[in-house]
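A short write-up of the structure that comes next.
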Amino acid sequence: MGKKVAIVLSGCGVYDGSEIHESSAVLVHLSKEGAQGEFYAPDVEQMHVVDHVKGQPTQEKRNVLVESARIARGNIKDLATLNVKELDALIIPGGFGVAKNLSTWATQGKNCTVSKVVEDTLKAFHAAKKPIGMCCISPVLAAKIFPGCELTVGQDKECEKWPYAKTAEAMKELGCKHVNKHVDEIHVDVKNKLVTTSAFMCNAPVHEVYDGIGKMIKEVLKLA
């Protein structure tokens, strides 16, 4: 039997949910490695809904679990029902939903809170010494919950290629060790069994993002 991996989503769409290309890449790479992905999401209302054509918030209200089900092709469970004993690893793709629906990072930065069900899930995998893979903005959750952990969100110097590099500085202020990596590279925190890669924190071609996520998945499965 292949390894069973929980994939926690935060909605559907980069500006208010999970980044769809990252989520798909996670599923494709798990499949390539003979592992089985199981989708979960919290059953809560989104912080807001963003029109992805205009990049502007709308007056709509949507549910994180219902929206995440679009990516999961309907095969998804409420995160509150996750049983860590039945799973070998945890993956959290990026997208602004991580910073808006799984935590309050989007509005409060390093002073944010992490949703209780998300925090409980991360702590359960960590306590069970089961690996956690995170890409793009999702490492901020680990930075908040596991003080002193090592991770990467890419580079710490802002430029056209790395528009979100200030995130690395905020992580350092939380007491974490940020390690600069290119988009197709990963960082492994052996002690915490935490594997991170920058994905779309970098303005890079999609295949390079895809390759970095592939390396993350391979390493997570090796640690599982």
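Annotations
- Per residue solvent-accessible surface (Å²) - the stretch 1-122, probe of 1.4 Å: 48 Å²
- Only helices enter the 222 nm calculation for the chain: every DSSP H run of n ≥ 4 contributes -39,500 (n - 2.57), and dividing by all residues gives -9500 deg cm²/dmol, rounded to 500.
- Probe 1.4 Å, all protein chains present, accessible-area order of 191, 61, largest first: 191, 61
- Gaussian network model of the chain, Cα within-10 Å springs - most flexible of 214, 175, 154: 175
- Unit charges at the beta carbon, dipole of the chain: most positive-side option, 36, 111, 10: 36
- What separates the Cα centres of the stretch 88-110 and the stretch 162-204 is a distance of 14 Å.
- Surface composition of the stretch 4-223: carbon and sulfur make up 50 percent of the accessible area, probe 1.4 Å.
- Antiparallel DSSP beta bridges within the chain, as percent of all bridges there, nearest 5: 25 percent
- Candidates per GluC sites (Glu not before Pro) in the stretch 1-77, loop by DSSP, up to 11 other Cβ within 10 Å: 60
- Between the amide H of residue 133 and those of 90, 91, 92, 195, distances stay under 5 Å, these residues lying 5 or more places away or on another chain, with hydrogens modeled in the peptide plane.
- A Stokes-Einstein calculation at 25 °C with viscosity 0.890 mPa s, built on the Kirkwood radius of the stretch 4-223 over Cα pairs, returns a diffusion coefficient of 146 µm²/s.
- The listed residues 115, 18 rank as 115, 18 when sorted by accessible area, largest first, using a 1.4 Å probe.
The values are calculated or read from the model by the stated rules, or taken from the named source; none is laboratory data. Here the structure is a predicted model, which means the values were calculated and not measured. Please note: Cβ atoms are built from the backbone with ideal geometry, for glycine as well, and neighbour counts cover all protein chains shown. Side chains are part of the model used for accessible areas, which takes the heavy atoms of the whole protein and leaves out ligands, DNA and RNA. Shrake-Rupley method; radii C 1.70, N 1.55, O 1.52, S 1.80 Å.
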